[in-house]
Amino acid sequence: MPNSPIRRMLINDVGPRIEPEAIKRLGSYVGQPFTFASRSDTLNRLNEICASFGEHTAQEWEIYNGPMLIQKEGKWIMHYDPDISVPFASVNPIMAKAGEMAMWHAFKQIHIPMLIVRGGNSDLLSAATVAEMCKVNPYARSIEIPNVGHAPAFVKQEQVALAKEFFS
């Protein structure tokens with residue numbers, strides 16, 4: 001948009017085209033009831049769900065997933081709106097294609113430096129989609145993080161350094 005204060009954009013493992021398999025995977029747990037008696041059990045389960053984000057130490061998992069947990073009525077739950085799953089359930093192939101076309105159109109209108117970060121094992125953002133994103137928008141460049149799926153967590157020092165370098 002004209003006069004936007006955004007000067008640079010880091011896009012973390014997402015793009016105008018989302019792979020259907022990833023939508024199915026996300027839909028299998030996003031918005032599902034998630035309650036445990038202990039914080040450690042809750043954190044362990046969330047870490048299992050996020051395993052594709054890469055290998056992390058216990059401290060890195062705590063930094064990444066710890067803030068997502070709250071205690072409510074004596075149980076530990078995820079602190080997010082469970083209705084986030086509603087769009088997953090309501091998408092049909094026609095809506096998905098129309099949404100993708102709109103996203104490609106919007107993506108082409110971004111005229112600031114963009115760094116597309118893709119997890120090398122991502123099931124959500126394909127390497128082909130990243131290549132197309134860089135082809136259709138000269139402001140975009142990409143980097144792939146090896147041994148990570150969807151999505152790089154940006155708690156590892158090398159990933160944080162990558163973001164700092166891009167934004168400096």
Is it the case, given these coordinates, that Ala58 is out of contact with any Asp or Glu (no Cβ under 6 Å at 6 or more places or on another chain) and at pLDDT below 90? no
Which of the residues belonging to the range 132-168 are closer than 19 Å to Arg7 by Cβ, open to solvent by 90 Å² or more (accessible area, probe 1.4 Å) and either in a strand (DSSP E or B) or of a type in the set (Gly, Ala, Ser) (or both)? Arg141, Ser168
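For every residue, the table says whether it meets (1) within 20 Å of Ala151 (Cα to Cα); (2) open to solvent by less than 60 Å² (accessible area, probe 1.4 Å).
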position: Ala58; (1), (2): yes, no
position: Lys75; (1), (2): no, no
position: His79; (1), (2): yes, no
position: Ser90; (1), (2): no, no
position: Lys97; (1), (2): no, no
position: Gln109; (1), (2): no, no
position: Gly120; (1), (2): yes, yes
position: Leu125; (1), (2): yes, yes
Considering only residues of the range 6-60 that are polar (S, T, N, Q) and assigned to a loop (DSSP other than H, G, I, E, B), which is farthest from Met133 (Cα to Cα)? Ser38
Which members of the range 48-96 meet the condition of being in contact with a helix residue (DSSP H, G or I) (Cβ under 6 Å, 6 or more places away or on another chain) and of a type in the set (A, V, I, L, M, F, W, C)? Trp61, Leu69, Trp76, Met78, Phe88
Take the residues in the range 23-69 that are of a type in the set (D, E, K, R) and without any contact (Cβ under 8 Å) to a residue 40 or more places away in the chain, then tell me which one is farthest from Val160 (Cα to Cα). Lys24
Going through (1) among the hydrophobic types (A, V, I, L, M, F, W, C); (2) at pLDDT below 85; (3) not in a helix (DSSP H, G or I) one by one, Ala89 fails only at (3)
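The values are calculated or read from the model by the stated rules, or taken from the named source; none is laboratory data. Model, not experiment: these values are computed from the prediction. When we count neighbours, we look across all protein chains shown, and the Cβ atoms used for this are built from the backbone with ideal geometry, even at glycine. To get the accessible areas, we keep the full protein, side chains included, count just its heavy atoms, and leave off ligands, DNA and RNA. Shrake-Rupley method; radii C 1.70, N 1.55, O 1.52, S 1.80 Å.
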